[in-house]
Structure formats: C-alpha cells, structure tokens
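Chemist: Quick one: the structure is below, questions incoming.
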Amino acid sequence: MAQLRHLKMERIILNDPPNAQMDDQSFVVLENLQTLSTVLNFRCTEQIIQRIPNLKKLRVTYGYRTDGFGTHYLCSLVHLDRLESLGIRGHEKLSGNIDFPGSLRKLTLENCFIPWDDMSMIGVLPNLEVLKLRTNAAKGQEWHPVEGEFCRLTFLLVHGCELEIWEAEHTHFPVLQHLYLRRLKLKEIPMAFAEILTLRIIDLKYCSSSLEISAEKISEERESLGYDDFQLRLNPSEISWSQENVVGFEDEANTLIKYLNEESEKLEVISITGMPGFGKTTLAWKIYQDPRIQYKYSTLIWVNVSQEFSMKKVFLTILERFTELDMSVLTEGELAQKVQFYLEKQNFLMFMDDVWTAEIWKTIENSLPKSNRMGKVVITSRDEKVARQANHLREPHKLRVQDSKESWELLQLKVFGKLDECPPELEEIGSIIAKQCEGIPLAIIVIAGILVEKYPKASDMKIQWENISASLSMYFKYDSIVENIIALSYDQLPRYLRDCFLYLGMFPENAEIPTWKLIRLWVAEGFIPKNTEKTLEELAEDNLKDLIKRNLVIVDKTAANGDVKTCRVHDMIREFCKNEAAVTKHNLFQEVEKSSEGVFYPSVSEIRNYRRLCIHSNVVDFLRKRPKGPWVVSFLCFSKETITLPPEYTSSIPDSFNLLRVLDVNPIKFTKFPFKLTQLTQLRYISLCGDNFTALPNAVFELGNLQTIRVDTVSRTLEIEADIWNMMQLRHLKTKAAIVIDKEVKGEAGKNLQTLSLLSAQCCTEDVFDRALNLNDLGIRGQLSIVLDTNLKQLTCLQKLRLVHDVYPEMNYLKPLPRLPRADRFPPNLKFLKLSSTFLDWKHMSTLGELRYLEVLKLKENAFVGKLWDVVGGGFPSLQFLHIQRTDLEFWTASGEPLPKLKCLVLKKCKELEEIPYVLVKSLEVMEIDRVSESVVSIARKMELEKQGQLRAKSDRFKLIINPIAE
C-alpha cells in the first residue's frame, strides 16, 4: 500500500499500529497518501497522524463513542504541516481550542457548534482562503470578528446557522471575493462590506427579505464607489420580465392552481406551453409566489433549465433545497440517486423553467420519484412535444393569447404609463395596432417602444401610428410574430443606434449589464459618432436611454439621482441580436460556445473569419487550443465565475489576437501582468484582474489609443509607471487600489481625463488637477488631511467626488480629519459627494451647505461624529438625496427651512439618534430607516400619516421603508 495516494470511502476506521515506534521497521509510513476521506474522529490519533505526514486533503466525521466528539481527538491534526483542505462534520460542540495546521487553505465545518466568539482560532490561520460554515458549524446569534484575522480569506459560506447579528468592518475581511449565505435568520450584511476592494459576488438563497434588501444596498453602494463588476445573486431565480408587464393572467393562474390542488396516484407533471414571449415564465413565477401554493406544498423548488442546459447544475440546484453538504464532487449518476432519495417522500412542487427539448426532459425525468403521489412538477416549454412526453394523460396547458381588450390595455400602459390617457384621436388606430400583435405580450411591449418614440414628437401623430400599422401588416407575412416585431423595431432604429443594440447580445443570457461598462465599450468600439456639443460618453448614454424608451432594454437598477446603473435584455431580444450580428449578416460579433461533446463552435480554425468574439465558459480550454484571429478586434469574457489563468497561458490572448481594440476579461484572474498586452497598439479599452498587480508597467505608454483602463487587484496601491500625461486618448482610469501617479506633469493628455478613481491622496496636487481640468468623476483615498489646502475649484466639469479617509495601518478615529476645505475650494458644479471615515465634527456640515448644486450627499462610516447637528435654513439649496450611515449623532435639530428640496432621506445605523427635524416632512417623498431608535421610527410614522393626508387626492404617495431590524 506504500504507493497509495487517494483513499475515499463513506467511513474509514483506521486501526492504531500495534505498539510500533517510528524508528521500528514495523512502523509503516504512507508517504504518498494525499487524500483521506472520510475518517472517524476517534481514529485521528497521534500514531495514525504520524503515518500520513504528507496528507493534503482530509475529511473527518463523527463516530459514536461514549466520550462524545472530543476535541482531544483532533489535537494531533496540527502535525499535518502539509494539509491544505480539511472538513470536519461533528455532532456536538467542539470544546476548547483546536490547533489547526497553519498550512490550511480550505476549511469546512458542520455540526461543530463553535461559539462565534471562538472563531478567532480559525481567523488566525495564516493561509486560509476558503471557509465553509455549514449547518450548525457555529453557535450563537452574534458575530463580532476581530481586526487582523481572516487576512487571506477570499471565499466565505455561512449556511444554516442561528446567526442574527453580524457586525464587521471591511478591514476584518480585507481580500474577500465571494460571500455565500444560505438559510439564515441574519437580518443584515455589514454595510462596511461595500468597501471591501476585492468583493465580487454576494449570493443569497433561502434568506430573509431584509437580508436581501441589505445586499441590494451594498450593491448600490459599490456602484457609487465605482465598482461595476460586482454581482448580486438572489434566490431562487431571476425573471427578466416582471408580472406587471402582462395583463390578464389571473384566470390562467387559477386554472393551474386548481390542477395543482388535485389528488393524483403518482408524481404528476403539468406543462405550460406557448410561443416565445407569451409570458410562460411570468405565469409560473406568479403561481410559485401564490399563498395557496406555498400553504399546500412544504417544499418549493425553482430550477432554470434554459438552452444552456447542464444536468449537473439542475441536480445541484434541487439538492441545495435539502442538504448543506457539498455535492459538486459527485458524478451525474450519483447526483441523480441523491435527488431520488430526497424527493421520494417529500410533499414538493418543482418548477422546471424553459425546458427546450424532449431529450432534456427525459434526462431530468429519470431522476424523479414517479411513485411519489405527494409531489408535482410544473414545466414551461415552447415545444409541445416536451409537454406531451412529460405527461401522456393530461393535455398541456397552452397559454392563451390576450384578447383585444387586454392587448389594448397593455399597450396603453406601456405607451402612456396608465390607462385612459390615450388621446381620443389615437384610440381607434391604437386598438388596431394592439390587435395586430395577435395577443402576444412581448410583441405588444416591443411595438409600444416604437410608438413611444413617435409620441408626442410629431404633430401628425395619427398618420405616424397609421404608418406603423401598415408596417406591421407587411412584417406579419412571415411566421414568427415576436421575432418580426423585434425586426420591425430594429428596422425603425436610426443607423447609429443599430450596432449599439446588437452589441447587447455579447452579454450572457439574463446578465445584469453595468451601464458604466456598456457605455465605454460602445465608445471604444467606435459605435458613437462624434458631436461637438456632447462628449462621446454622453452621446452613448443618450443611446441607452433611447433603447430603454423603445422597450428593447430593461432597466434593472437605478442610482440615487435616477440614472440607470444596470440593465438587461429579454432572452428573445438577445437571440435576435446574436442572429442579426452573425457573420452571414453584419459580422458584428460571434459567441464562442462548447458543445456537450467537447467541440467548440465556431471551430478554432474558423475564428479567423470573425471581428469580435465573446466567450462566457470553458475559457481556458479555448485558449489552450491557441486560436488565431488576425481580424479579431474585440475579445470579451463575462463569465459568472472567476477563472484562474495558468501562467503558461498569460500571453495566449495577445498571441492569438494581435489587432485587439477592446479587451474585457475581468473574470480571468492573471497570476502575473500579461506584459505582451503592451504590444497590442490598437487597444482602446482594457479591463484586467490580477491579485498580484501592483503597477502598470511603463510599456503601457506604447498603447497610445487607450481610452479606458480598468484594473482589479487586491493590492492597496497601484503604481502607474506609464506616462499617462502623454497618453492623449486616455479618458478613464479606474481601479479599487489607490492610484499612485507621477506628480510632475509634463504632458497635455490630462485634459482628456474624465474618470480618475481612486487617486491616492498623496498625488492630489494642484498641478495634477490643473492638467486634468475636464474630470467629471474623481475618487480620492488616503490621508485626506494632505489635500485640505488643495484647490479643486478649477475642476468645473467635476460632478462626482468620493473622499475616503484611510490612514492604514492606524485607526481612522485616532487621526480624524480636522476640517473640510473651504466651500470655495470645492468643484463649483459638484452634484454628488460621498465622505467616508472622516470623523468630522458636525459643525463642518455648514461648509457642505454652501455647495449650490449639490444634489446627492452620502455620509458613510462615521463621516461626521458628535452629539448635535443643528442645521439652519439657507443651506443645501439643491440637495435632494441625503444618506447618513453609522454615526453617534443623538440630536438633529433645525431652524428656518433647511434642505428645502430634500426628497429622499436614508438613516442607517444611527442607533443613538433620538430626534430629527420634523420640518423635513414638507419636501420628503421617500424615507428609509434602519437600525435607529424607537423615537426616530415614531417620528417617521407620524410623517407618513401627515404625507398620506396631504397626498390622498393625488396619484403620488409618500414611501416609508423601515427595515425590520429598525423596529
């Protein structure tokens, strides 16, 4: 057995060697053994551990002994100084501290009941990167991490613990990238996590609505900080089209709920079929959320199947509903058996959304317990063959089209925003257009986008609508109504807008698209014609607004000032974009995909035929084949997972595509800076990620066409060795690290810079800003006292300013910012200002009150401290949005009429606050409170009652949002 390297069994009982000593010949050492799983805990004796010195992966589970689980059995683990991965599944509380091996990189705990206060024994592990806390891994309701721990932790899973309060700063998890939370009572994620430079994903499943709200706020905050690569995933699925987009689903839902309440002799499958765009997913989701269904079925499961089908992913999604164990290592056959086991005796209802083929359904069906009469499955499919194969005894539920009344109502809602607002002269032709859509909701929504564009710009509105109606008649000579309406909408687009629209197909299905990224990609691709009155970015933003108005793009998230932060497109519109962009038509771009047989389409040899490529999975496999694309000008990757690129492939992208203009591969983590990229002299846009990036080399200067540079790194600073002051095309430089640039400005290129974030405070000289006069977005991080006397008034174009006081390694409260610059030294046209960790006295708020055009003010993480803030009338003449988070403020008073235009007030973690100015009720439209005192909640309730009385006769309403934890 000396050559044994991997031993995996359900339970392994190793026997102690018979009184052998290490220097005896009878003492056998398994030097090659690397994996041992799963060992009973009471067999982890010192003698056994000595026999496996080179073990890298170990899993230990509870064994029944009269002396309990016993921490003493695990004390010998510290001798495994090469152990990288350890899993412990206990049965009761681990008493005392465990000396874990310092070599550990991954630790998984389950049923160990470790008090949260004792988590320090894990936090001090110097190399720990992955921590998975599964069911009852920890015990207690509060977790207060300690500074200096979890220094290398990049992945954290907390699953099925009784944790309710988690208070932490961003410095407690300085390099965290992925946060996964499952089945928790936790009310809120620490808001300070928004400032973790490396954070890329927060993924929630089966958590409270308040936790989802806090995650959404972190997402918004990261957007305001300029981090546009962050992903928020909420359970159980993302629906591209909301229920309010469709009229007349009540009767459909009631019919299907009646079916689901019927008794059956075995597992029954109910199918919803219909053409694309009919609203199958929306109807299924409506049923999923119906209280009658949630009462009847103890277990509800939602699975997105889709065209990009993965059987293993389907199985794992189902199993996540039943077990906290990591099942990803199992084969598909093993997973199928597990699914059978868990579903066999469950009262469950499972929704399988978007099943494309009968073959896919047959694969899924084989894993379902057909004898379980308590279970039911609802599938949605555009293929009736799938439905008939799923259930031979029940006819598929064919989703009906909307009748003429419903169609006309939906069209009015999408064009005019409400019913009964249509001008009388348009009612007849509008009703005709609605009928021409043949009752298909997506068709009505898209055609409404065309009508919105025509209304109310032209005086001959009726003639314009009649022309649209005539065009519809022509397009409907073909078979696919929805596709042809999308085609009609596309043909109605101005030529300068068409490539921008088709480009949306580059992003993955159901992707949340950051608008900051999209706009700058459009500019770099050359889609935006120049205009002397606006910047290219402003013109691109106008294009996006135009596509939204035409109902071709869906707004996903908005910022405090109403700007669109993220957007998405319907999957049918995405498919249209991909097909229209194909080489046979426009050759705009091509998606690279890998089939289940392991074959890439298009083939590697065909890559030379394309101009732009996007790939969202199997990226390393693709690059291993060394593709050659002599005409490829854009290479984009928007994978949902982080991809570590082996060092030997660092140069593979520049070697394959030497004419690149656009390179966005942020999900790909480079182990070292890809120096060969500096030979791609045509580059206009580059977005890279690498934990070890500490500098942009001087050779980047050779990329004279660069417009946008985006770099993600865990380094606290990023030194720009390249001479950016002579890079004439550079407009946006963005990173999470503090940018260190040459303060001796010797070129004229700074005048083109629009975004500079986050700039190191030590580089904020008047000479730098004199050369970067056209900045409109600036972030500064560091010891802000350095910049107090720096004059920013020459930055007349600057609208967004973020100031983060960071005196690391010292604590900010020990070195508070003594004051603010004088009001006349701030940029004169500033609209957005965020302060964080400055610890200013409230008396300095009067300085900000003098900023005439300030509309959004965010005060985060003790930006201001002190017991009293007395705000006087005359200040903040334009302020509409005020956010105060984490402060020791107790009394907020006012005299005169302060904040006359304030529409939205957000108060978070202001636990000491007892009083707020009631006079604010005059202008407020939205108020959100979280972790405040009962007296503040009472004042907010009183404001709500008064506003409701004022607005009773109006369509508008005052909105009060109280996080459950606030009360």
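The values are calculated or read from the model by the stated rules, or taken from the named source; none is laboratory data. These figures come from a predicted structure and were not determined experimentally. For neighbour counting, all protein chains shown are included, and Cβ atoms are generated from backbone atoms with ideal geometry for every residue, glycine included. These area figures cover heavy atoms from the full protein model, side chains too; ligands, DNA and RNA do not enter into them. Shrake-Rupley method; radii C 1.70, N 1.55, O 1.52, S 1.80 Å.
Chemist: Could you give the longest part of the chain that holds none of the chymotrypsin sites (Phe, Trp or Tyr not before Pro) found in DSSP loops with at most 10 neighbouring Cβ atoms within 10 Å?
Modeler: Numbers: sites that count: Tyr64, Tyr478.
That would be 479-967.
Chemist: Okay, next question. What is the projected area of the convex hull of the Cα atoms of the range 536-622, averaged over all directions, in nm²? Intermediate values should be presented prior to the final figure.
Modeler: Values: hull surface 32.0 nm².
Over every viewing direction, the Cα hull of the range 536-622 projects on average to 8.0 nm².
Chemist: Quick check: residue separation of Glu332 and Asn791 times 0.36 nm, minus the Cα distance between them. What number comes out in nm?
Modeler: Values: separation 459, 0.36 × 459 = 165.24 nm, distance 6.36 nm.
Between Glu332 and Asn791, full extension yields an extra 158.9 nm.
Chemist: Ranked by accessible surface with a 1.4 Å probe, highest first, in what order do Thr671, Thr887 come?
Modeler: Of Thr671, Thr887, the descending order of accessible area is Thr671, Thr887.
Chemist: Could you compute the net charge surrounding Gly375? Neighbours are other residues with a C-beta less than 14 Å from the C-beta of Gly375; K and R count +1, D and E count -1.
Modeler: On the way: positive: Lys266, Lys296, Arg321, Lys345, Lys370, Arg373, Lys376; negative: Glu262, Glu263, Glu265, Glu268, Glu344, Glu365.
With Lys, Arg at +1 and Asp, Glu at -1, the neighbours total +1.
Chemist: Let me ask something else. Only one of the listed values, (1) 2, 10, 17, 22, 23, 17, 8, 2, 0, 0, 0; (2) 2, 11, 19, 22, 18, 13, 9, 5, 1, 0; (3) 2, 8, 12, 14, 16, 14, 12, 10, 6, 3, 1, 0, 0, was derived from the coordinates as P(r) over Cα pairs in 10 Å bins from 0, in percent; which label is it?
Modeler: (1)
Chemist: So for the range 491-604, if I pair up every lysine 8 or more residues apart or on another chain, how many of those pairs have alpha-carbons under 16 Å apart?
Modeler: Close lysine pairs under the 16 Å cut-off: 9.
Chemist: If you don't mind, another one. Ala894's amide H: which non-local residues (gap 5+, or another chain) put their own amide H closer than 5 Å, with H modeled 1.01 Å from N in plane and none for Pro or chain starts?
Modeler: Val871
Chemist: Report, in whole Å, the centroid distance computed from the Cα atoms of the range 637-673 and the range 705-743.
Modeler: Each part's Cα centre sits 19 Å from the other's.
Chemist: Would you mind pulling out the separation of the Cα centroids of the range 847-910 and the range 343-357, in Å?
Modeler: 51 Å
Chemist: Residue-wise, which Karplus ³J(HN,Hα) couplings in Hz belong to the range 687-694, taking 6.51 cos²θ - 1.76 cosθ + 1.60, θ = phi - 60°, and x for glycine or proline?
Modeler: 9, 10, 9, x, 4, 9, 6, 10
Chemist: With a ≥ b ≥ c taken as the square roots of the eigenvalues of the C-alpha gyration tensor of the range 796-911, please select rounded if a/c is under 1.5 and otherwise prolate if a/b is larger than b/c or oblate if it is not? Intermediate values should be presented prior to the final figure.
Modeler: Working: a/c = 1.69, a/b = 1.18, b/c = 1.42.
Here the range 796-911 falls in the oblate category.
Chemist: Moving on to the next point. Put one equal scatterer on each alpha carbon of the range 317-390, apply the Debye formula with no solvent term, and list log10 I(q)/I(0) at q = 0.24 1/Å to two decimals.
Modeler: Scattering profile of the range 317-390, log10 relative to I(0): -1.21.
Chemist: Helix-derived [θ] at 222 nm for the chain: sum -39500 (n - 2.57) over DSSP H runs of at least 4, divide by residue count, nearest 500? Write down the numbers at each step before the final one.
Modeler: Details: 24 runs with 238 residues, N = 967.
For the chain, the value works out to -7000 deg cm²/dmol.
Chemist: Quote to one decimal, in nm, the extra length available between Glu748 and Lys903 on full extension: 0.36 nm per residue of separation minus the C-alpha distance between them. Please list the in-between numbers first.
Modeler: On the way: separation 155, 0.36 × 155 = 55.80 nm, distance 4.14 nm.
Result: 51.7 nm gained on full extension.
Chemist: Glu591's amide H: which non-local residues (gap 5+, or another chain) put their own amide H closer than 5 Å, with H modeled 1.01 Å from N in plane and none for Pro or chain starts?
Modeler: Cys614
Chemist: Taking 0.36 nm per residue of separation and subtracting the Cα-Cα distance, what length does fully extending Leu419 through Asn391 add? Show your work: numbers first, answer last.
Modeler: Working: separation 28, 0.36 × 28 = 10.08 nm, distance 4.06 nm.
Gain in length upon complete extension: 6.0 nm.
Chemist: Right, next: Please say if the range 612-719 is rounded, prolate or oblate, where rounded means a/c under 1.5 for a ≥ b ≥ c the square roots of the C-alpha gyration tensor eigenvalues, and otherwise the choice is prolate for a/b larger than b/c and oblate otherwise?
Modeler: Working: a/c = 1.59, a/b = 1.11, b/c = 1.44.
Judged from the Cα gyration tensor, the range 612-719 comes out oblate (a/c at least 1.5, b/c at or above a/b).
Chemist: Also, quick follow-up: What distance in nm separates the two pseudo spin-label positions at Arg5 and Glu593, each 7 Å out from Cα along the beta-carbon direction?
Modeler: About 3.6 nm separates the two model spin labels.
Chemist: Now a separate question. Taking the alpha-carbon set of the range 325-469, what are its Rg and Dmax in Å?
Modeler: In Å, with Rg to one decimal and Dmax whole: 23.3, 67.
Chemist: Pick out, from Ala387, Gly87, Leu349, the residue whose Cα sits farthest towards the positive end of the charge dipole of the chain, with +1 on the Cβ of Lys and Arg and -1 on the Cβ of Asp and Glu.
Modeler: Comparing the listed Cα positions along the dipole, Ala387 ranks first.
Chemist: Between Lys398 and residues 5 or more places away or on another chain, which pairs have amide H atoms under 5 Å apart, with H built 1.01 Å from N, and which residues are they?
Modeler: The answer is Thr273.
Chemist: Work out from phi, with θ = phi - 60° and the Karplus expression 6.51 cos²θ - 1.76 cosθ + 1.60, the ³J(HN,Hα) of each residue of the range 369-374, listed in order in whole Hz, and give x for Gly and Pro.
Modeler: x, 5, 7, 7, 6, 8
Chemist: Over the range 554-679, give the accessible area per residue in Å² for a 1.4 Å probe, as an integer. It would help to have the intermediate numbers written out before the result.
Modeler: Working: 5230 Å² over 126 residues.
Per-residue accessible area for the range 554-679 comes out at 41 Å².
Chemist: To the nearest 0.05, what FRET efficiency results for Arg626 and Val146 with a Förster distance of 56 Å applied to their C-beta separation? Mind dumping the intermediate values first?
Modeler: Numbers: r = 48 Å, r/R0 = 0.86.
Efficiency computed from Cβ-Cβ geometry: 0.70.
Chemist: Moving on. Given Cα positions, please report Rg to Rh for the range 486-595, the hydrodynamic radius being the Kirkwood one. Display every interim value, and only then the final one.
Modeler: On the way: Rg = 13.7 Å, Rh = 14.4 Å.
Ratio of gyration radius to Kirkwood radius: 0.95.
Chemist: Tell me the Rg and the Dmax, in Å, that the Cα atoms of the range 654-811 produce.
Modeler: Just the Cα atoms of the range 654-811 yield Rg and Dmax of 15.4, 50 Å.
Chemist: What does DSSP give for the chain in terms of the percent of beta bridges that are antiparallel, rounded to the nearest 5? Before the final figure, lay out each step's value.
Modeler: On the way: 8 of 150 bridges.
Antiparallel: roughly 5 percent of the beta bridges in the chain.
Chemist: Would you please give the FRET efficiency between Asp491 and Glu31, computed as 1/(1 + (r/R0)^6) with r the Cβ-Cβ distance and R0 = 51 Å, to the nearest 0.05?
Modeler: On the way: r = 71 Å, r/R0 = 1.40.
According to the calculation, E is roughly 0.10.
Chemist: If you don't mind, another one. Would you mind computing, in nm to one decimal, how far apart the modelled labels at Ala470 and Ala823 are, each placed 7 Å from Cα along Cα→Cβ?
Modeler: 6.0 nm
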